[in-house]
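Worksheet for the structure shown next.
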Amino acid sequence: MSRILITSALPYINGIKHLGNLVGSQLPADAYARFMRARGNDVMFICATDEHGTPAELAAAKAGIPVAEFCADMWQVQKDIADGFRLSFDYFGRSSSQRNRDLTQHLAGKLADNGLIEEVSEKQVYSNADGRYLPDRYIEGTCPNCGFENARGDQCENCTKQLNPTDLINPRSAISGSTDLEVRETKHLYLRQSTMRDRLDAWIDSQQGWPILTTSIAKKWLHDGDGLRDRGITRDLDWGVPVKRGTEEWPGMEGKVFYVWFDAPIEYIAATAEWADANGLDDAAWESWWRTDKGAEDVHYVQFMGKDNVPFHTLSFPATLMGSDEPWKMVDFIKSYNWLTYEGGKFSTSQGRGIFMNQALEVMPSDYWRWWLLSNAPESSDSDFTWESFQGGVNKDLADVLGNFVSRVTKFCRSKFGEVVPEGGEYGKFEEATTATIKYLLEGDEERLGYFKLMESIEIRKAAHVLRGIWVAGNEYLQIAAPWSMYKKDPDAAAATVRYALNLIRLYAVLSEPFIPDASAKILKAMNVTDTSWPDDLEAAMEVLPAGHAFEVPEVLFAKITDDRRVELEEQFAGQG
RNA sequence: GGGCCUGUAGCUCAGUUGGUUAGAGCAGAGCGCUCAUAACGCUUUUGUCGUAGGUUCAAGUCCUACCGGGCCUACCA
């Protein structure tokens with residue numbers, strides 16, 4: 001048994017995420033967590049909402065409620081949706097928790113003690129009308145390069161030239177449109193990442209088998225231009241973790257908060273502490289996952305995220321932990337994902353293009369989404385969602401190959417033997433061959449990785465394809481064994497075939513659980529079995545349901561998506577953007 | 001501008017460290033089965049592996065250039 005710590009990138013609080021966000025972190029992390037638990041490992045799967053920063057403040061203002069209240073509401077909304085997708089977090093925390101405040105302030109204090117924090121005086125644009133400092137991208141104006149009138153303060157979207165807010169002609173606030181802006185001098189804390197460049201570089205070099213997407217992004221930041229740059233970790237905002245040096249005030253930093261990207265990854269740790277608190281456990285419980293001096297030295301830690309998050313997880317957060325000079329558990333594997341596109345274009349929150357998580361659950365069951373998204377996860381490059389592909393994948397894989405297999409076996413059994421595992425006959429060469437085929441698909445060989453290895457190495461998409469192959473093996477078996485014709489001349493032989501096939505159904509429920517937990521549960525319930533033990537011994541697994549065991553024919557597991565329905569959905573979702 | 005990824009059958013994609021006749025699913029065609037959600041199984045058509053060069057006994061696999069698609073580029077998270 002291993003101890004496996006899994007974190008999924010924190011969804012930002014300002015709105016409901018779309019399917020691209022889901023497939024890029026939470027969903028594959030969940031499949032991995034479920035798989036690892038099923039194999040008997042001790043798993044800690046952590047996620048939380050990322051609640052600080054300007055967008056949260058603005059979203060709250062737009063909703064006309066205090067930001068703390070807004071975040072509390074949105075946390076519940078996101079939690080409910082996560083539950084709807086059956087995301088099996090051991091704890092879903094909040095980055096605004098007291099635990100995170102304490103830990104963020106503590107780590108900042110340690111970094112300062114170790115000479116890794118620098119105060120920098122800089123000029124920031126302040127909007128009098130809005131009563132706040134504006135991040136670069138919240139300032140708009142005319143691009144000095146191409147004349148585009150809606151250029152943003154960080155970059156002109158029209159000519160892609162990078163800008164400073166002060167470059168803009170006729171700058172205005174993107175929030176209020178006010179032109180009453182002024183440049184103010186303000187002090188901020190910078191994390192001296194540059195001094196840790198070689199350590200970070202060596203640390204990344206020492207990692208084995210990370211996705212090329214992960215390492216190439218990290219290397220680029222480490223070596224591009226002058227190398228890794230220091231980064232401001234504070235902001236002039238109201239909403240966030242107040243800047244403190246440990247538990248002490250930080251002179252000159254009054255009224256400022258830490259930058260979200262400083263406190264958000266720390267929430268992985270803090271959320272584990274929240275988990276301990278929520279379960280009435282002491283600090284030792286969460287520290288055994290995070291402190292290598294308190295039991296975490298044998299923990300295997302895996303992070304999941306979209307590619308946009310890679311720099312923070314390969315550089316800033318490791319720099320924070322390393323720089324504290326305390327024995328924090330560092331990540332062992334960073335799984336990063338490309339983007340999911342929608343009907344050939346981008347998912348867009350601002351334009352309402354694509355499918356959001358709440359809408360998805362309103363129109364289709366979560367298993368359908370889980371299966372399509374995981375079997376098409378953007379692991380090697382971007383993947384495109386189309387309703388046609390979704391319909392095809394769900395209908396062929398789930399309804400025809402798996403669902404219909406369960407249906408044909410249980411219904412045949414009911415009509416010939418009743419709703420009970422039939423006795424008589426013995427397993428023979430067909431069963432032996434099928435078991436061998438499935439064993440190969442599970443374990444693989446030197447040339448081809450099997451389901452187990454693919455899941456362990458987080459090749460989710462490939463694992464899904466192999467899993468499908470295991471379902472197909474059941475249909476192939478039935479075709480060869482043909483119990484419907486065998487029944488006429490040798491009912492005992494047919495009974496043995498049905499008994500084997502019923503055991504296949506249970507096996508499929510166990511193996512498929514990481515991908516389609518609802519269907520898996522439905523199957524197990526119908527088969528009247530609670531034994532979900534992992535089939536380390538496949539021969540034994542084919543005997544779990546003994547002759548005489550009662551079961552029920554389940555309802556149709558996966559209703560097909562009709563062409564009419566697909567067209568309806570295409571139209572419903574095309575109308576928005 | 002710089003960096004990274006990517007371009008393989010009509011579609012979506014696999015193709016390990018270069019090695020015999022390039023694979024899978026879907027779609028198409030044929031056959032079989034009739035237990036089943038008109039489901040399942042078997043067989044089968046299609047490829048100058050983006051283009052042009054190069055290295056090699058041998059390249060989809062390595063190198064160079066070019067063309068196409070995507071992403072990142074540090075104050076949105």
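Can residue A:169 be described as within 25 Å of residue A:59 (Cα to Cα) and of a type in the set (Val, Ile, Thr)? Spelling it out, it is not the case that residue A:169 is within 25 Å of residue A:59 (Cα to Cα) and of a type in the set (Val, Ile, Thr).
Please verify whether residue A:267 is surrounded by 21 or more Cβ atoms within 10 Å (Cβ to Cβ), out of contact with any Asp or Glu (no Cβ under 6 Å at 6 or more places or on another chain) and either touching a residue at least 60 places away in the same chain (Cβ under 8 Å) or among the β-branched types (Val, Ile, Thr) (or both), treating the condition exactly as stated. Taking the combined requirement at face value, the residue satisfies it. When you scan the range A:155-197, how many residues do you find that are within 10 Å of RNA strand B (Cβ to nearest atom), part of a loop (DSSP other than H, G, I, E, B) and modelled with pLDDT of 90 or more? Number of matching residues: 0. For the range A:476-511, the set of residues classified as touching a helix residue (DSSP H, G or I) at 6+ places or on another chain (Cβ under 6 Å) and more than 27 Å from residue A:464 (Cα to Cα) consists of A:483, A:486, A:487, A:493, A:494, listed by residue number.
Residue-level check: of (1) more than 29 Å from residue A:211 (Cβ to Cβ); (2) surrounded by 16 or more Cβ atoms within 10 Å (Cβ to Cβ), residue A:451 misses just (1).
Filtering the range A:494-520 to residues that are away from RNA strand B (no atom under 15 Å from the Cβ) and either in contact with a Cys (Cβ under 6 Å, 6 or more places away or on another chain) or in a helix (DSSP H, G or I) (or both) leaves A:496, A:503, A:506, A:507, A:510, A:511, A:517.
Residue-by-condition table, conditions (1) in a loop (DSSP other than H, G, I, E, B); (2) aliphatic (A, V, I, L, M); (3) within 7 Å of RNA strand B (Cβ to nearest atom):
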| position | (1), (2), (3) |
| --- | --- |
| A:201 | no, no, no |
| A:207 | yes, no, no |
| A:214 | no, no, no |
| A:217 | no, yes, yes |
| A:221 | no, no, yes |
| A:225 | yes, no, yes |
| A:228 | yes, yes, yes |
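In the range A:50-69, the residue that is surrounded by the fewest Cβ atoms within 10 Å (Cβ to Cβ) out of those that are assigned to a loop (DSSP other than H, G, I, E, B) and near RNA strand B (Cβ under 9 Å from one of its atoms) is A:53.
Residues of the range A:300-327 being assigned to a strand (DSSP E or B), surrounded by fewer than 20 Cβ atoms within 10 Å (Cβ to Cβ) and either at pLDDT 95 or above or more than 15 Å from RNA strand B (Cβ to nearest atom) (or both), which ones? Once the filter is applied, which keeps residues that are assigned to a strand (DSSP E or B), surrounded by fewer than 20 Cβ atoms within 10 Å (Cβ to Cβ) and either at pLDDT 95 or above or more than 15 Å from RNA strand B (Cβ to nearest atom) (or both), the range A:300-327 yields only A:300.
Considering (1) within 9 Å of RNA strand B (Cβ to nearest atom); (2) among the hydroxyl-bearing types (Ser, Thr, Tyr); (3) not in a helix (DSSP H, G or I), the lone condition that residue A:485 does not fulfil carries the number (3). Where helices (runs of 4 or more DSSP H) sit wholly within the range A:397-482, those with at least 3 residues that are within 7 Å of RNA strand B (Cβ to nearest atom) and over 30 Å from residue A:26 (Cβ atoms) occupy A:404-417, A:460-481. Within the range A:527-559, the set of residues being within 16 Å of RNA strand B (Cβ to nearest atom) and either among the hydrophobic types (A, V, I, L, M, F, W, C) or at pLDDT 95 or above (or both) comprises A:527, A:551, A:552, A:553, A:554, A:556, A:557, A:558, A:559.
The values are calculated or read from the model by the stated rules, or taken from the named source; none is laboratory data. Computed from a predicted model, the values in this text were never measured in an experiment. Here the Cβ is made from the backbone with ideal geometry for all residues, glycine too, and neighbour counts use every protein chain on show.
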